[in-house]
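Trainee: My questions will all concern the structure given below.
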Amino acid sequence: MNLQEMDQAYIASTYRRFPLHLVRGKGSLLEDDAGHELIDLGTGIAVNSMGIADDLWCQAVIDQLTTLQHTSNLYYTDPCVRLAQMLCERTGMKKVFFSNSGAEANECAIKAARKWAAETHGPDCYTIATLNQSFHGRTLTTLAATGQSHYHELFQPLTPGFVSFDAQDLGQLEALAHQSSLAAVMIECIQGEGGVIALAPDTVRNLAAFCKARNILLIVDEVQTGNGRTGKLYSYMHFGIQPDLVTTAKGLGGGLPLGATLLGEKVQNVFTYGDHGSTFGGNPVCCAGAVSVLSRIDDTLLNEVEQKGLWIREKLLATEGVEEVTGLGLMIGIRTRRNAADVVNEAMQRGVLCLTAKDRVRLLPALNIPMSVLQKAIDILCEVIAS
Ligand SMILES: *Cc1c(COP(=O)(O)O)cnc(C)c1O
């Protein structure tokens, strides 16, 4: 059996993989099993923030790996405490709970919101409103939070206590708040899996004001948008709001599994001993990688992310066959005249890896992708889109 046949024989068939076997890479370049080079504009879905096998990140990870790889959360370790301090200092949030994925970061935020609401507003206050077209994960609870019914169909019953609404329709949210007592509103400022759809700045501010006025928690899911991706450390920072809970994962660990739930002032003390936990959460190797990533996401890098994003947008908008460009920074959605999946497949044949999101082409390149590499990739992508 070749690798593809073995995969089909032994791996659960949840993923429709591309016919591509990747073996190594460096920075924003990948190599397949035939020795072909590819430019990576997908970063393993916004995970490899500093590219592949980045020297500083590798050094931080290897140093920790060869010193102490795991302890459990029964003991103190340096990398996880230092990472939590960095996250709090750079966001104004008060405390952090570490897990291993985006879904788990959201589960933790949902548990925190439910406990806070029960204690603050009473046991009947547990409903969480999320946006239509949102994506919050694949566990039964985060699926319930995901406002796309096609993900729900085969897995009933999901966790109760979730309702969804249209971001622009504050009236709908008000009606929901009337019908059931709302504990929290949960949003992505830019919906990633939903098609790289950015909320209007006013919408974000109105939702934040709505929550504040009614003492409802605002949860911002920064699993995809976080850690410099949009040109700010977290996407909510574009809008001058302060969420009560922020969740993140994907790019935080720079390539290792790590999720974080940041607790703001209202909920900072909601958890007590035994309320929540994770065996691997806050693993020292993952956290050492994250400290390395986060310490490099400074104003200079964020400015570069913004500038590169603007440059890509300009190139795309001047390309025949591009109908709309959405997103912020280096999180870009492209509505193309051609079928998006065809564009992605053909770009792959020509040595450029990108993604789709719904009916769009999606780009999530490394935050530090060199301009020359980016130029080459975008030239190819534009040719494919225009063809
Ligand atoms: C990817 C994603 C998740 C789920 O993260 P996992 O690590 O796959 O569990 C949740 N929310 C958003 C916005 C995401 O993009």
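Trainee: Can you compute the modelled spin-label distance between residue 298 and residue 387, with each label point 7 Å from Cα toward Cβ, in nm?
Mentor: Roughly 4.2 nm, to one decimal.
Trainee: Between residue 26 and residue 359, what FRET efficiency comes out of the Förster formula 1/(1 + (r/R0)^6) with R0 = 30 Å and r the beta carbon distance, rounded to 0.05? Don't jump to the answer; show the numbers that get you there.
Mentor: Values: r = 33 Å, r/R0 = 1.09.
It comes out at approximately 0.35.
Trainee: Also, I was wondering about something else. Per 0.36 nm of contour for each residue apart, how much would the distance between residue 213 and residue 74 grow if the chain were fully extended, relative to their Cα-Cα spacing?
Mentor: On the way: separation 139, 0.36 × 139 = 50.04 nm, distance 3.93 nm.
Length gained between residue 213 and residue 74: 46.1 nm.
Trainee: Can you count the Lys pairs in the range 1-132 with C-alpha separation below 23 Å, eight or more apart or on different chains? Mind dumping the intermediate values first?
Mentor: Details: 94/111; 94/115; 95/111; 95/115.
Taking the range 1-132 as the scope, the lysine pair count is 4.
Trainee: Can you tell me the convex hull volume per residue for the chain, based on C-alpha atoms, in Å³ to the nearest whole number?
Mentor: Details: hull volume 57.8 nm³, N = 387.
Dividing the Cα hull volume of the chain by its residue count gives 149 Å³.
Trainee: What is the extension gain from residue 179 to residue 380, computed as 0.36 nm multiplied by their sequence separation minus the C-alpha to C-alpha distance, in nm to one decimal? Please list the in-between numbers first.
Mentor: Numbers: separation 201, 0.36 × 201 = 72.36 nm, distance 5.20 nm.
Between residue 179 and residue 380, full extension yields 67.2 nm more.
Trainee: Under 16 Å from a point 7 Å along the Cα-to-Cβ line of residue 350: which residues of the range 307-328 have their amide N that close?
Mentor: Under cut-off, by backbone N: 315-323.
Trainee: Moving to a separate point now. In straight Cα distance, which aspartates and glutamates are under 13 Å from residue 376, not counting same-chain residues fewer than 8 positions off?
Mentor: Partners found: 37, 40.
Trainee: In addition: Which of the trypsin sites (Lys or Arg not before Pro) across the range 99-179 are loop residues per DSSP, with 16 or fewer other Cβ within 10 Å?
Mentor: 138
Trainee: Between residue 371 and residue 16, take the C-beta separation as r, use R0 = 35 Å, and let me know the FRET efficiency to the nearest 0.05. Please report the intermediate quantities before stating the final value.
Mentor: Working: r = 33 Å, r/R0 = 0.94.
The pair residue 371/residue 16 has a calculated efficiency of 0.60.
Trainee: Follow-up question, since we're still on this one. Roughly how many debye, to the nearest 20, is the charge dipole of the chain about its Cα centre, given +1 on each Lys and Arg Cβ, -1 on each Asp and Glu Cβ, and no other charges? Each step should come with its number before you reach the end.
Mentor: Working: 31 positive and 41 negative charges, 101 e Å.
Using Cβ point charges on Lys, Arg, Asp and Glu, the chain gives about 480 debye.
Trainee: What FRET efficiency comes out for the pair residue 4/residue 265, r = Cβ-Cβ distance, R0 = 45 Å, nearest 0.05?
Mentor: Working: r = 51 Å, r/R0 = 1.14.
After rounding to 0.05, the efficiency reads 0.30.
Trainee: Further question on the same structure: Quote the charge dipole size of the range 293-387 about the Cα centre in Debye, to the nearest 20; the model charges only the Cβ of Lys and Arg (+1) and of Asp and Glu (-1).
Mentor: Working: 12 positive and 13 negative charges, 44 e Å.
Magnitude of the dipole: close to 220 debye.
Each value in this text was obtained by applying a stated rule to the coordinates, not by laboratory testing. It should be emphasised that the depicted structure is a prediction, and the values quoted were computed from it without experimental measurement. No Cβ is skipped: glycine too gets one built from the backbone with ideal geometry, and neighbour counts run over all protein chains shown.
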